[in-house]
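Peer 1: Sharing a structure, written as structure tokens. Questions coming.
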Amino acid sequence: SAGRITAVLPYYAYSRTDKRDQPRVPITARLVADMIEVAGANRVLTLDLHAGQIQGFFRIPFDEMSAVHLLLKEVRELSLPDLTVVATGLGFAKRARNFAEILDAPLAIVETRHSGGSSERQMNLLGHVEGRSCVIIDDEVVSGATMIRVAELLKQYGANRIVGACIHPILPPGAITRLRQSPIEQLIATDSVPLPPDEPWDGLKITSVASLLGEVILRIHKGISVGAMFADGQRVLGKW
């Protein structure tokens, strides 16, 4: 039998169900945590949780690493002129701010509000994007609807070029088609989840998380501090 078991989850499924915001709604992220522990895991490793409080669902050691620095490298290589970093909401604003600071770029935030009890959403732009190149950053893209709405809003305010960036490209059937037809000219993402094989898009740029996860797994196996990686200034992991 194994001496210790580390569950490596590049993408933590059901991470959006981290709280009960309506009656009779299950907190499935907690259920996933319980299932992992009952299955016998001694430690969990994952990338960029949608909600950081999920770590509190576990009674075993939990390591959340970030792959944002991989997106940062790809954005730098684009050499976009007059760059502005755009957060799709207040929830990811802190990491977007750190992203913008490293790129020495201003930050804009799109705030979304629900009108009364209806399902209609009102989006407000906080920041200046007219004539600028914009990078919309988020932790995950599922249907692409939010990022597309943000891109359309940026175009209304005079944005020049628009690029999307995310850690987890869930992309169910039809998502890439919607992105291809949107103002977003390119989506930079990692390979934390399998990509849809039947919808190729030249605008989809994938960067691998293999080296990051490999180093963390090696450190765990050899008993070397994982936290020390956050102090590595060259990778700017400490920012996240």
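Peer 1: So which residues in region 52-87 are aliphatic (A, V, I, L, M), in contact with a helix residue (DSSP H, G or I) (Cβ under 8 Å, 6 or more places away or on another chain) and surrounded by fewer than 18 Cβ atoms within 10 Å (Cβ to Cβ)?
Peer 2: If the condition is that a residue be aliphatic (A, V, I, L, M), in contact with a helix residue (DSSP H, G or I) (Cβ under 8 Å, 6 or more places away or on another chain) and surrounded by fewer than 18 Cβ atoms within 10 Å (Cβ to Cβ), then ILE60 is the only one that fits.
Peer 1: Of these, PRO194, PRO173, which one is out of contact with any His (no Cβ under 9 Å at 6 or more places or on another chain), within 30 Å of ASN42 (Cβ to Cβ) and exposed (fewer than 15 other Cβ atoms within 10 Å of the Cβ)?
Peer 2: PRO194
Peer 1: Additional query: Within region 10-50, work out how many residues are crowded, with 17+ Cβ neighbours inside 10 Å, on the phi < 0 side of the Ramachandran plot and either in contact with a Leu (Cβ under 6 Å, 6 or more places away or on another chain) or not basic (Lys, Arg) (or both).
Peer 2: 17
Peer 1: Filter region 209-229 down to residues that are touching a residue at least 60 places away in the same chain (Cβ under 8 Å) and either under 17 Å from VAL68 (Cα atoms) or surrounded by 15 or more Cβ atoms within 10 Å (Cβ to Cβ) (or both), then give me how many there are.
Peer 2: 7
Peer 1: Taking LEU90, is it modelled with pLDDT of 95 or more, surrounded by fewer than 20 Cβ atoms within 10 Å (Cβ to Cβ) and not small (Gly, Ala, Ser)?
Peer 2: No: the conditions fail for LEU90.
Peer 1: While we're on this one: Would you mind stating whether ALA13 is among the small types (Gly, Ala, Ser), without any contact (Cβ under 8 Å) to a residue 24 or more places away in the chain and more than 20 Å from GLU215 (Cβ to Cβ)?
Peer 2: yes
Peer 1: Another question, then. Would you please list the contacts, defined by Cβ atoms under 9 Å and residues six or more apart or on different chains, that run from a residue in region 152-180 that is within 26 Å of PRO81 (Cβ to Cβ) to a residue that is of a type in the set (Asp, Glu) and assigned to a helix (DSSP H, G or I)?
Peer 2: The qualifying pairs are ALA165/GLU74.
Peer 1: Here is a list: ALA165, ALA159, ALA151. Which entry is modelled with pLDDT of 95 or more, surrounded by 19 or more Cβ atoms within 10 Å (Cβ to Cβ), touching a Ser or Thr at 6+ places or on another chain (Cβ under 6 Å) and assigned by TED's automatic domain parsing to the domain that holds LEU80?
Peer 2: ALA151
The values are calculated or read from the model by the stated rules, or taken from the named source; none is laboratory data. These numbers come from a predicted model, not from an experiment. All Cβ positions, glycine included, derive from the backbone under ideal geometry; neighbour counts span all protein chains shown.
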